[in-house]
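See structure below.
The values are calculated or read from the model by the stated rules, or taken from the named source; none is laboratory data. The model shown is predicted, which means the values in this text are computed figures rather than measured ones. Neighbour counts are summed over all protein chains in view; Cβ atoms, including those assigned to glycine, are modelled from backbone coordinates with ideal geometry. Note: areas computed on protein heavy atoms with side chains; ligands, DNA, RNA excluded. Shrake-Rupley method; radii C 1.70, N 1.55, O 1.52, S 1.80 Å.
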Amino acid sequence: EALPGAVDCYDRLSAAGVQMAVLSNTSRRRAHALSKLPTLGFDAAKLADFVCSGEQAREHLASRAGQRMLWIGWDEQFQAWDPHYLDGLDLRLADAATADFVFLQGSQTLRDGSRATPTEARQLSRTH
């Protein structure tokens, strides 16, 4: 739900010709985040740009092609989980001992290519 007056302000700024951009910290990709705007009453077509950390992170992952990655992310039941996030990227999941880098996108599940293990901070420090 949008804050009271936010949609009206957004529409008035757009009507006045103000270029608007959104900077979001969502770990989801840009298209998914943009699709949520109409449900809040915002017309995404009025934006000059929409930047989100999830899209920026994925672009960075694309630059690491061929590498092994330990992925700490969201549980499959969590609303931010995207099972297709790595689709099209040339990355392999690996355990902590063989990973070239760690991708921390959430905090609920450790994915190393052989399993998805629920995590707790104390487990990570003790086992990895």
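Scan the range 1-42 for residues that are among the β-branched types (Val, Ile, Thr), part of a helix (DSSP H, G or I) and open to solvent by less than 70 Å² (accessible area, probe 1.4 Å) and report the count.
Total meeting the criteria: 1.
Condition (residue is hydroxyl-bearing (Ser, Thr, Tyr), modelled with pLDDT of 90 or more, surrounded by 10 or more Cβ atoms within 10 Å (Cβ to Cβ) and touching a Ser or Thr at 6+ places or on another chain (Cβ under 7 Å)) applied to the range 88-102: is it met by at least one residue?
no
Looking at the range 1-9, can you tell me whether even one residue there is under 29 Å from GLY88 (Cβ atoms) and modelled with pLDDT of 95 or more?
Looking through the range 1-9, none of the residues is under 29 Å from GLY88 (Cβ atoms) and modelled with pLDDT of 95 or more.
Any idea which of SER114, SER53, SER63 is open to solvent by 70 Å² or more (accessible area, probe 1.4 Å) and modelled with pLDDT under 95?
Matching residue, one of SER114, SER53, SER63: SER114.
Please indicate, with yes or no, whether at least one residue in the range 99-112 is aliphatic (A, V, I, L, M), more than 19 Å from the chain's Cα centre (by Cα) and more than 30 Å from GLU1 (Cβ to Cβ).
For the range 99-112, residues aliphatic (A, V, I, L, M), more than 19 Å from the chain's Cα centre (by Cα) and more than 30 Å from GLU1 (Cβ to Cβ): present.
Only one of (1) within 21 Å of LEU3 (Cβ to Cβ); (2) open to solvent by less than 80 Å² (accessible area, probe 1.4 Å) is not met by ASP75, so which one is it?
In the conditions (1) within 21 Å of LEU3 (Cβ to Cβ); (2) open to solvent by less than 80 Å² (accessible area, probe 1.4 Å), ASP75 misses (1) alone.
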